[in-house]
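Provided herewith is a single structure, encoded as structure tokens, for subsequent inquiry.
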Amino acid sequence: MPISYDDDPDEPLIEQVADSEAREPDNELDRRRLGQRLLEQIAALPEAQREAFLLREESGLSLEEIAEVTGVNAETVKSRLRYALTKLRQGLTKD
């Protein structure tokens, strides 16, 4: 997962998670479980964080574009994304 959105990484988080696991049959079940956990964690995010996260990850919008779409400034978008990433990391690392 990206450490920070300050760097505005090019590769979406969802692709990073998918690429992090080898495409071998033995890992297929683990990948599916991880994908399901990620979806559950995204659904549990507060609405503003989820919206910013999905606009970034699914739509590939830049911070400035997300700010324009949501009607907030780019720093607020960064903050929302940072909090979303923190919550997702915490949720995905719990066993």
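For the range 37-95, which whole percent of the accessible surface, found with a 1.4 angstrom probe, sits on carbon and sulfur atoms?
On the way: 1640 of 3450 Å².
That fraction is 48 percent.
Subtracting the Cα-Cα distance from 0.36 nm times the residue separation, let me have the gained length for residue 65 to residue 93 in nm, one decimal.
7.1 nm
Applying the Karplus parametrisation 6.51 cos²θ - 1.76 cosθ + 1.60 with θ = phi - 60° to the phi angles of the range 38-52, what ³J(HN,Hα) value in whole Hz is obtained for each residue in order, glycine and proline being reported as x?
4, 4, 5, 5, 5, 4, 7, 5, x, 3, 5, 5, 4, 4, 4
The values are calculated or read from the model by the stated rules, or taken from the named source; none is laboratory data. Computed from a predicted structure; not experimentally measured. Keep in mind that these areas ignore ligands, DNA and RNA; they rest on the heavy atoms of the full protein, side chains included. Shrake-Rupley method; radii C 1.70, N 1.55, O 1.52, S 1.80 Å.
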